[in-house]
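Presented below is the structure to which this report refers.
The values are calculated or read from the model by the stated rules, or taken from the named source; none is laboratory data. Just so you know, these numbers come straight off a predicted model, no measurement behind them. Positions of Cβ are backbone-derived with ideal geometry, glycine not excepted, and every protein chain shown enters the neighbour counts. Just the protein is used for accessible areas: all its heavy atoms, side chains included, with ligands, DNA and RNA removed. Shrake-Rupley method; radii C 1.70, N 1.55, O 1.52, S 1.80 Å.
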Amino acid sequence: MASRKTSQPKRSSNGDKYSVLLPTYNERENLPLIVWLLVKYFGESGFNYEIIVIDDGSPDGTLEVAEQLQKIYGKDKILLRPREKKLGLGTAYIHGMKHATGNFIIIMDADLSHHPKFIPEFIQKQKEGNYDLVSGTRYSGNGGVYGWDLRRKLISRGANFLTQVLLRPGASDLTGSFRLYKKEVLESLMQRCVSKGYVFQMEMIVRARQLNFTIGEVPISFVDRVYGESKLGGNEIVSFAKGLITLFATT
């Protein structure tokens, strides 16, 4: 039987710490598994970390589940920073960053579409090139999308194609939301971004290029959510089109 000492994650030798921001809304079924996977892969890789859950008043009891997870894994690893209602993804990141103690920030979805097994690859990639941000890409190397119907695939591919043609951002996946940032870089980008919804992640990459931040990419497998409903609807598609036009006119 392995000793308790060897099973404990060691602190990164260079002092780096990774704060994972997990915005949630009705993720009661998904949150326990995504947290377990995060603890597993951070523990195995030995990086120092914390998980910040930002729940926006989920009516399904997501916050109560998060409180139980905090009792299991400890308040030093699971930080609960809830808000009373849905206020948008961008403001959730700003809210989470205020409480983050890491010098790196990881953003990802809590619906199991982003597998934590890729996080060590993100960290390795960042260290190789000292990148300001590392983005997970579904559209380069061996990356891919699983579980989407043809409509969702066409929307995502079309969004990326239009963005590449109009904005030439120099990154292959603009609408993904699985990324690793230097904390000060994310803070700088958040101050400049004005978009909300589906177009928000795209603007983050475009602004990063404008400011000459360096971007690395790691191919990922994106898997459609198993529990709950997708947040992508007709309104999001319309807002993306408007946001794309705005960015084209102002960048």
Amide H neighbours of THR137 under 5 Å, at least 5 residues apart or on other chains, H built in the peptide plane: list them.
VAL218, ILE220
Under a 1.4 angstrom probe, counting protein chains only, how are HIS114, HIS99 ranked by accessible area, largest first?
HIS99, HIS114
Which pairs in the list LYS71/LYS183; LYS117/LYS196; LYS125/LYS153; LYS71/LYS182; LYS40/LYS71; LYS17/LYS86 are over 22 Å apart, alpha-carbon to alpha-carbon?
LYS71/LYS183; LYS117/LYS196; LYS125/LYS153; LYS71/LYS182; LYS17/LYS86
Heavy-atom accessible area of ASP76 with all protein chains present, probe 1.4 Å, nearest 10 Å²?
100 Å²
Using the Kirkwood radius over Cα pairs of region 53-132, the Stokes-Einstein translational diffusion coefficient at 10 °C and 1.306 mPa s, in µm²/s and rounded to a whole number, is 111 µm²/s
Could you give the radius of gyration (one decimal) and Dmax (whole number) of the Cα atoms in region 17-170, in Å?
16.4, 49
If you count only protein heavy atoms and use a 1.4 Å probe, how large is the accessible surface of LEU89, to the nearest 10 Å²?
60 Å²
Output for region 155-228: GluC sites (Glu not before Pro) sitting in coil per DSSP, at most 11 other Cβ within 10 Å, listed by number, reads none
